[in-house]
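Encoded as structure tokens, the structure appears first; notes follow it.
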Amino acid sequence: MFFVIGSIVTISSHALSTLGLCCGAQFLDYPRRWCVSFHLPLDFMPTNSTPKAPSSFSRKGFSFDRVFKYFFASNAGLTIVILLLIIGFLLKEGLGFFPGYQRELQIYRITGMEYIDISRKNLTSHEQLTSVMNRAYFAEINGLADRELQRSTESSAMVSHIDDFTASARDQYFETIEDANPAPALIESAKQKYAALLPLAMKELPLTPHLSAAERQQIIDAMLARPIDNEDTPELVNQLASEYATVRAKFATPLEPMRASIDEFEALGADLSARVSEMSSKVQVIKAELNTADIIERDRKTLLAAADSAKTPEERARLMAEAQTAIGTVPDTATPLRELLSGNEAGQEMHRSMHEKISAWSNNVNVALTQPEAQRLYQVVGKTLPVFLNELSATPQALAAWDAEEPVKLGTAIFSFLTGKDWITGGEWQDFYGILPLFIGSLMIAVVALILAVPAGIGAAIYTNQFASEREQKIIKPVIEFIQAIPSVVLGFIGIFVLGNALRELSISSSLSWFPGFPMEERLNIFTAGCLLALMSIPTIFSLAEDAINNVPGVYSEASEALGASKLQTTFRVVVPAAFSGILAAILLGFGRVIGETMVVLLVAGNRIKIPDFSAGIGAFFQPAHTMTGIIAQELGEVPLGSVHYRALFVVGILLFTIVLGINALAHRFTRNMKH
Amino acid sequence: MKTMQNIILAAVLTAVGSAQTISLKGSDTLGAKLIPQMAEKYKAEGHADVKFEIAAEGSSTAFPALANGTAQIGMSSRQIKEEETTECKTKGITLQEHIVCYDMLSVIVNKNSPVANLTKAQVAKIFTGQVKDWAEIGGTPGPISIYTRNTSSGTYKDWQKLAMDGRDYPASSLKMAGNEQIAQEVAKNKGGIGYVGLAYSKTRGVKAISIDGIAPVADNKKTYAYSRECFLYVPENASAAVNSFIEFVHSDSAQKVVDSTGFINAK
Amino acid sequence: MISEENLIRKKGKEGKRGKVVDRLVRSAFAGVTYAIVLVALLLFGKIIKDGAPTLFTSEAPFINVSFLLDKNETLHVFDDEQGVRYKLPASEYSEFIKKNGEDSIYNHSSYSYSGGGIVGPIVGTLLLTIGSIMIALFFGVSAAIYLSEYAKESPFIHAVRLAILNLAGVPSIVFGLFGFSVFVLAVPVITADPSSRSLLTIPLFFGDYVMSFQGWNSSLMAGCATLACMILPVIITASEESLKAVPQGFRDASLALGATRWQTIRRCVLPYSMPGILTSSLLAITRVAGETAPIMFTAAVAAKDDLPWEGADGPLDVLSSQVQALPYHIYTLAARIPNSEYTQQAQYGSVFVFILLVAILSISSMVMRAKMRAKLKW
């Protein structure tokens, strides 16, 4: 409906303004225009060309001048209309999100899913704890067996490298053999290719610091001697692998008690796990029924509306008939809920007993670990276990206090959208829309990009404007501004292959392992995306800052130099401070550009919808993240029109728009100060 | 002026595509390789006047497009959901389902990983985030990096049903745009694991592992744990050109294309 | 600020230290600047290095014309019985099979979107760009004329300037959302057969036709309209600058001779500012041509067999068809299909052609600007 109004406004603003309003306004200005429309020359010297006889139209005093003026004015107003349309459509689609989300949260509560999730949270923490303990156990064993592990890994790496290198020849051989009539020429050429590739493969073998020279040579010889149709690994490699296995078993024996206690801990969660899955499967059935009922109701309404506007009676009859069949019954949620809650006492008891057993278990655990990684993980267990026990003891109360009848307020929906830590969509259980991980992802990438781009861009602007010679300026400015011409998709995929790999190699090198966050887990992460975005925003910051510095009146620097200041002093103490508001505007606009970039972050940021783990300090910047722009681009294609998910994406768009609007307003205020 | 322009522009608008253009929308698994090649073969076999348009943003994009009439055939790597059928019904469109091929979702790990086989339970634990480190299941110690598709993918939803018992992906999973990106990332990351359609499991640097001892090869199509069908959805009152293409899809020569692109034929 | 001591330039040791600091600071800044320039040049260099082999061949006419003019097809790579490797696009591949039979193919592998040429994306990008620039020029220049010639300080003007500023900063994906919800789903269409999801239908006076607010669907028109909205602020600002650059004396003289405002603009201002307007719109083209997000949901398809005018019933059919586009093609190649040496060739070739197009446009705009500046002597 809003769009109807908008379009009518647009069309009429043109039609009316160009015809109606000018007709009305001209009466106010009648006399002057009359004279002008007659082209009366202001001096009365005869001219060579006789003035054209005024057309009958303008003789009536109606000049096209006004028409054009209002036509242009309405075109100028078009920009306002477009902006209003953007705001209007975003709001129209987006504001419908909150009631829809509220309804979903309501269903979440009514069907008892929220109740189950209280228990499920404990289950998840339990699983995490088990996982960390397992990792500590394996870290201990692998740390002790490190040498054998390295030897085995390195020898297999050699074999894989050679296999990879000669893959094309061997694939060709095997494919040809499988044919009904294998062509001997092809077999021959495959063998020749293989023979040619083998020595080449040997040239770039990975380093094997844990193998002796003799062993390395032994593997090389074995691989050289291997014919094309043989796929076995050399004997030494197998031997090393079995050595590793033996040593592992050896070190596992003294750790038997630890193994046993971990298994015991895991088993303590089995009851809870069984109960949670049983409840879940029952509840999912109810939820599916509720959803179907909603859809059927919506269908019925659509069909009735279509029947009302049907053109022919047969059409109407058909649609009415279909609407009749679409009457569904509202499924009964109260009974299954009562069933669910009947197990409430048992559930609370289960939690209490789990709490007791785990406390008892933790008092009996006694492990001595030698490896630093294992010790670190064990400390993590030590810290998390009390927290887990606290949650367990608080759960029975939470279970008792849970009320299915409590209504979900609209404010809750809004609050959980703005501060929710999960964005889970398309899930089988429940969709959650929380913008926090996306917002933090966008923000962190923008911060990285600005930290890199601002000094570079402003430094380059100062240099180009103040210190560079004419010739240098002619080279520098076009090159930097041409960076803008590179499409963001190109930067994205060059970024993956060039920058991502380079940074990953850098981070794996052992000389830099002290740096928090190195070695990087993923090559697609916040830092890589930030670097690329810095490159993209440097031209924006550069040209705006350069303009600002250029606009500082020349008298300032002339006066400063007249007082005897050196060039450096003039630049940094007079010109730059004077251009400060313009430079600030440049930074803000660069920030706006960076927050709004889509394709680069979609390809390069790693797309993990989770708030980065800030306990790693700076290392948090080397983790992957997802962004607000990326999620819209990734998910808009999927969503059924009008669904809650669709509207959620529009709300994300609204948020983006508001942020950029705010930044622009700030920057505008600074540029206004700039123009003295 | 603008009004006149609008009127002129809008005056003779036709619906998308002339009679001989077939517009396909939907799954990236099918639309990246298989369908373009089938379309080319179809044209080479005497139907050179038929034109194809293919947009492959994910299986979930097929159904809204079919409902709105912006596509004539929907490609989907998962079965249609109840609400999507109803959505189409409310717009007056009933859909027919055609199986175009079978696909095996193979679990891929980095080529240098010592893991060659996993049980279904282990796969479920990994992809739900319960198991976080390779050492817990016998690989080289290090954190497990999970690469998945994004939510518009049919592959994403299929995997949830087949391998994860309906549970949600962990927040630590990385959502990639297509099968190819998953393969690329796993190839580059020693601790990476992901799932791709069979056609992508032969990328350089990755290897497909067997599940419960059964390898993802064509012979095991009945016994492999994560097999699924890929579908084409067509409205009931489709044009003759569309129906003729669907007939071709069921024919032997099209199924040969299926074989050559790494899928399993539907025979 | 400037202290007493600095009023007199120092010589001697302190002067020398000042000189050293001076040099250090200058070189630091120069270093930063040239580092950026270096990174940019490396980037261009990489694109040229990887893309040029696809585009240029060693024999005359030195350009791989088939890459530029052929339609996009799947690439088939195989050996024949003698082990000779063939790389053929799909159409030639099927001819080869017809001639030699299916059994003569060994070691066959195929790569989507990597064979043939990229004429589809090139044409699509050109159509989108030209269409959107034309729309934007029409509305933008008119708005700029109003702002520079007619405007007096008023709330209306203030609002317009604010709107332009804000439109300039809207992220491209929000334009994609806007274009999708407005141009694809909601703008009015005159048709005899409105779709059932139309928002509103207004019956018209002739025949069966109604004006139905159902959108233009994903089409060239929707894409052009979205992109036009995107570059409108840029065009308005640039046109206003060129209009303001015309000396006020021209207008004064014309008005003094009795011409109306519009005549002044039409004959004394516009012709002289047109060169500036056109050159800056050429620069806007480079921005528009590289955008992917707005066209992803409004106009672009990954594969299309025909150029838009083939098989169309008239110019309006062309406008309502979907198109391929270069940036979207690059995105498909990079993220959607298995990577290999053959796809890399196609990728870098497309990127290189794109950068070349943009470079040609920018350079011609700069040349034009220089020539126009020389002609206009004021």
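The values are calculated or read from the model by the stated rules, or taken from the named source; none is laboratory data. Here the structure is a predicted model, which is why all the values come from computation and not from measurement. Cβ: placed from backbone, ideal geometry, glycine included. Neighbour counts: every protein chain shown.
Descriptive notes on the structure:
- Note on segment C:64-96: residues that are within 11 Å of another protein chain (Cβ to nearest Cβ) and part of a strand (DSSP E or B) amount to 9.
- The residue of segment A:319-337 that is surrounded by the most Cβ atoms within 10 Å (Cβ to Cβ), among those that are more than 41 Å from the chain's Cα centre (by Cα) and of a type outside the set (Val, Ile, Thr), is A:319.
- Selected residue (criterion: farthest from residue A:139 (Cα to Cα)) from residues of segment B:154-167 that are buried (at least 20 other Cβ atoms within 10 Å of the Cβ) and within 8 Å of chain A (Cβ to nearest Cβ): B:157
- Filter result for residue C:204 (more than 22 Å from residue C:157 (Cβ to Cβ) and either away from every other protein chain (no Cβ under 12 Å) or free of Cβ contacts under 8 Å to residues at least 24 places away in the same chain (or both)): yes
- Test set (1) buried (at least 23 other Cβ atoms within 10 Å of the Cβ); (2) within 8 Å of chain A (Cβ to nearest Cβ); (3) part of a helix (DSSP H, G or I) - residue B:180 fails condition number: (2)
- Filter result (among the polar types (S, T, N, Q) and at the interface with another protein chain (Cβ under 7 Å from one of its Cβ atoms)) within segment C:290-319: C:292
- Unique match (being among the hydrophobic types (A, V, I, L, M, F, W, C), more than 28 Å from residue A:437 (Cα to Cα), surrounded by fewer than 22 Cβ atoms within 10 Å (Cβ to Cβ) and touching a Leu at 6+ places or on another chain (Cβ under 6 Å)) among A:670, A:572: A:670
- Applying the condition of being under 24 Å from the mean Cα position of the chain (by Cα) and within 13 Å of chain C (Cβ to nearest Cβ) to segment A:74-112 and asking which residue is nearest to residue C:294 (Cα to Cα) yields A:86.
- Check on residue A:289, buried (at least 16 other Cβ atoms within 10 Å of the Cβ), of a type in the set (Asp, Glu) and closer than 14 Å to residue A:108 by Cα: yes
- Given (1) buried (at least 20 other Cβ atoms within 10 Å of the Cβ); (2) assigned to a helix (DSSP H, G or I), index of the condition residue A:565 fails: (2)
- Qualifying residue in segment C:117-125 (condition: touching a residue at least 12 places away in the same chain (Cβ under 8 Å) and not in a helix (DSSP H, G or I)): yes
- Count of segment C:97-116 residues which are assigned to a helix (DSSP H, G or I) and more than 10 Å from chain B (Cβ to nearest Cβ): 4
- Options A:395, A:384, A:464: the member that is within 14 Å of chain B (Cβ to nearest Cβ) and in contact (Cβ under 8 Å) with a residue 24 or more places away in the chain: A:384
- Residue tally, condition part of a loop (DSSP other than H, G, I, E, B) and on the phi < 0 side of the Ramachandran plot, over segment C:310-335: 8
- Of all the listed residues (C:281, C:198, C:181, C:212), the sole one being under 23 Å from residue C:319 (Cβ atoms), of a type in the set (Ser, Thr, Tyr) and facing chain A (nearest Cβ under 8 Å) is C:181.
- Candidates B:115, B:109 - the one that is surrounded by fewer than 24 Cβ atoms within 10 Å (Cβ to Cβ) and either in a helix (DSSP H, G or I) or within 14 Å of chain A (Cβ to nearest Cβ) (or both): B:115
Let's see how each residue does on (1) buried (at least 17 other Cβ atoms within 10 Å of the Cβ); (2) among the acidic types (Asp, Glu); (3) in contact with a strand residue (DSSP E or B) (Cβ under 7 Å, 6 or more places away or on another chain); (4) over 30 Å from residue A:628 (Cβ atoms):
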residue: C:120; (1), (2), (3), (4): yes, no, yes, yes
residue: C:130; (1), (2), (3), (4): no, no, no, yes
residue: C:135; (1), (2), (3), (4): yes, no, no, no
residue: C:141; (1), (2), (3), (4): yes, no, no, yes
residue: C:153; (1), (2), (3), (4): no, yes, no, yes
residue: C:160; (1), (2), (3), (4): yes, no, no, no
residue: C:164; (1), (2), (3), (4): yes, no, no, no
residue: C:204; (1), (2), (3), (4): no, no, yes, yes
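- Residues of segment C:13-49 classified as loosely packed, with under 13 Cβ neighbours inside 10 Å, among the β-branched types (Val, Ile, Thr) and either more than 16 Å from residue A:467 (Cα to Cα) or touching a Leu at 6+ places or on another chain (Cβ under 9 Å) (or both), total: 1
Conditions tested, residue by residue: (1) assigned to a helix (DSSP H, G or I); (2) in contact with a Ser or Thr (Cβ under 8 Å, 6 or more places away or on another chain); (3) free of Cβ contacts under 8 Å to residues at least 60 places away in the same chain.
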{"residue": "C:173", "(1), (2), (3)": "yes, yes, no"}
{"residue": "C:180", "(1), (2), (3)": "yes, yes, no"}
{"residue": "C:189", "(1), (2), (3)": "no, yes, yes"}
{"residue": "C:221", "(1), (2), (3)": "yes, yes, no"}
{"residue": "C:225", "(1), (2), (3)": "yes, yes, no"}
{"residue": "C:232", "(1), (2), (3)": "yes, yes, no"}
{"residue": "C:237", "(1), (2), (3)": "yes, no, no"}
{"residue": "C:242", "(1), (2), (3)": "yes, yes, yes"}
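- Scanning segment A:545-579 for residues that are free of Cβ contacts under 8 Å to residues at least 12 places away in the same chain and within 39 Å of the chain's Cα centre (by Cα) yields one hit, A:577.
- Where residue C:258 falls short, out of the listed (1) in a helix (DSSP H, G or I); (2) at pLDDT 80 or above; (3) of a type in the set (Gly, Ala, Ser): (1)
- Flag for residue C:360 being crowded, with 20+ Cβ neighbours inside 10 Å and either within 14 Å of chain A (Cβ to nearest Cβ) or among the aromatic types (Phe, Trp, Tyr) (or both): no
- Leading residue by the ranking (surrounded by the most Cβ atoms within 10 Å (Cβ to Cβ)) among those in segment A:145-161 that are under 13 Å from residue A:207 (Cα atoms) and aliphatic (A, V, I, L, M): A:158
- In segment A:610-628, the residues that are in a loop (DSSP other than H, G, I, E, B), within 10 Å of the chain's Cα centre (by Cα) and under 24 Å from residue A:380 (Cβ atoms): A:610, A:624
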